[in-house]
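The values are calculated or read from the model by the stated rules, or taken from the named source; none is laboratory data. The model shown is predicted, which means the values in this text are computed figures rather than measured ones. Here the Cβ positions follow ideal geometry from the backbone for every residue, glycine too, while neighbour counts run over all protein chains shown. Heavy atoms of the whole protein, side chains included, go into the accessibility calculation; ligands, DNA and RNA do not. Shrake-Rupley method; radii C 1.70, N 1.55, O 1.52, S 1.80 Å.
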Amino acid sequence: MAYWLLAVAAAIWVMVALGGATRLTGSGLSIMEWAPLRGILPPLSEAEWRRLYDLYRTIPQYELVNSGFGLEGFQRIFWLEWIHRFWGRMLGVAYLLPFLWFWWRGAIPRGMMPRLGLLFLLGGMQGAIGWFMVASGFEADRTAVSPYRLVVHLTLALLLFAAVLWTALDLLRGRPAAAVPAQGKVRRQVLAAFWLAALTMLAGGFVAGIKAGFTYNTFPLMDGRLVPAGYLALEPFWRNLTLNIAAVQFNHRLLATLTGLAMIGAAIAAWRRLPDGFARRAVLVMAGAVAAQYALGIVTLLNVVPPALGTAHQALAAGVLAAGLCAWHALREPAPSSPAEPRA
């Protein structure tokens with residue numbers, strides 16, 4: 001069961017990467033119908049291709065971004081979005097069929113059935129939220145989806161990935177048998193870095209949603225300033241956190257830097273205080289993933305977010321999340337010991 005769930009988590013990871021690619025290539029709005037069953041098959045005739053192309057020509061993205069790119073251009077963006085949706089459907093099958101088989105065999109541990117059922121429902125909900133997000137891109141004067149709906153879609157994908165991976169770790173490793181001296185101090189530092197990384201990912205969703213990465217393509221300064229001009233240009237204040245390009249990108253940079261600093265402290269603590277083993281290695285892998293993600297983010301920004309680098313940056317965010325979950329899981333408190341049996 002653990003290996004099955006690890007395979008599902010890997011498939012979700014691929015799904016996250018495909019989602020980044022569809023967003024960065026402008027492919028996400030190419031399919032204007034939500035057909036969970038009929039949509040499994042791609043267009044099989046010239047007439048069907050024409051019908052879908054004519055539908056696409058009715059939305060603002062075509063008029064304002066892709067006007068006149070023809071059926072061939074439409075097919076290029078269509079295939080990536082179709083693969084993204086097809087992968088999601090196959091992911092559901094890859095979860096449901098083994099789940100039913102394990103259930104039929106009586107192999108599911110007691111108490112885990114509700115969690116596994118909830119994961120399946122969340123996966124179905126993710127598909128519906130994906131369509132809810134895509135539909136926002138059909139509104140007048142829009143050439144992309146709502147940033148708020150995009151962040152909800154991305155956040156739920158990462159939560160689903162985290163829940164599946166955590167469940168697999170529960171089955172593989174369980175709780176530690178005994179506490180390690182100073183483990184609690186290291187755990188607190190790891191959790192601080194983990195939650196900062198999670199906030200950075202949330203901020204990155206808004207960077208993606210409003211295309212903030214295509215502006216201020218210098219580092220470490222933003223147009224020669226540490227804090228960019230216009231950081232508080234919008235009112236009320238909270239709108240700057242989600243809709244102001246200068247503020248959204250600065251916040252993402254700041255949170256990423258704080259994550260890196262917190263991770264350096266956690267890695268030093270793990271190296272000095274933990275014995276060699278899974279927990280220590282997991283923290284060091286997490287530190288390496290955070291460092292790689294930070295460097296990749298800078299390279300992506302300086303190159304004005306080419307699709308390949310942007311997709312890799314989104315995929316590596318899931319890698320940081322996975323490493324952090326492994327470290328957190330390994331550093332948990334040991335399982336409480338069972339009370340001793342009374343003597344006869």
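Observations, loosely collected:
- Residue in segment 240-258 that is open to solvent by less than 20 Å² (accessible area, probe 1.4 Å), of a type in the set (Val, Ile, Thr), in contact with a Leu (Cβ under 9 Å, 6 or more places away or on another chain) and free of Cβ contacts under 8 Å to residues at least 60 places away in the same chain present: yes
- Residues of segment 100-153 classified as touching a His at 6+ places or on another chain (Cβ under 8 Å) and of a type in the set (D, E, K, R), total: 0
- Search result, residues across segment 302-315 that are in contact (Cβ under 8 Å) with a residue 24 or more places away in the chain, open to solvent by 20 Å² or more (accessible area, probe 1.4 Å), part of a helix (DSSP H, G or I) and closer than 19 Å to THR215 by Cβ: LEU302, PRO307, HIS313, GLN314
- Selection status of LEU158, in contact with a Ser or Thr (Cβ under 7 Å, 6 or more places away or on another chain) and among the aliphatic types (A, V, I, L, M): no
- Residue among GLY174, GLY184, GLY137 that is modelled with pLDDT under 95, open to solvent by less than 30 Å² (accessible area, probe 1.4 Å) and closer than 21 Å to LEU119 by Cα: GLY174
- Here GLY73, GLY130, GLY123 are screened, and the one residue that is free of Cβ contacts under 8 Å to residues at least 12 places away in the same chain and of a type outside the set (D, E, K, R) is GLY73.
- Unique residue being within 18 Å of the chain's Cα centre (by Cα) and more than 23 Å from SER30 (Cα to Cα) when the list is LEU100, LEU91, LEU122, LEU116: LEU122
- Candidates ALA192, ALA279, ALA197 - the one that is surrounded by 21 or more Cβ atoms within 10 Å (Cβ to Cβ), among the small types (Gly, Ala, Ser) and under 22 Å from the mean Cα position of the chain (by Cα): ALA197
- Here is the figure for segment 289-301: residues that are out of contact with any helix residue (DSSP H, G or I) (no Cβ under 7 Å at 6 or more places or on another chain) and either free of Cβ contacts under 8 Å to residues at least 24 places away in the same chain or charged (D, E, K, R) (or both) total 1.
- Scan of segment 200-235 for residues that are surrounded by fewer than 13 Cβ atoms within 10 Å (Cβ to Cβ) and closer than 30 Å to THR22 by Cα, ordered by number: THR218, PHE219, PRO220, LEU221, ASP223
- Residues in segment 252-262 include at least one that is within 19 Å of the chain's Cα centre (by Cα), within 25 Å of GLY130 (Cα to Cα) and at pLDDT 95 or above.
- Inter-residue pairs, beta-carbon under 7 Å, first free of Cβ contacts under 8 Å to residues at least 12 places away in the same chain and in segment 217-239, second open to solvent by 70 Å² or more (accessible area, probe 1.4 Å), 6+ apart: none
- Verdict on ILE83 being on the phi < 0 side of the Ramachandran plot and at pLDDT 95 or above: yes
- Looking only at segment 266-276, and only at residues there that are open to solvent by less than 70 Å² (accessible area, probe 1.4 Å) and more than 25 Å from the chain's Cα centre (by Cα), the one that is modelled with the lowest pLDDT: LEU274
- Only one entry in THR167, THR143, THR155 is touching a residue at least 60 places away in the same chain (Cβ under 8 Å), of a type in the set (S, T, N, Q) and surrounded by fewer than 18 Cβ atoms within 10 Å (Cβ to Cβ), namely THR143.
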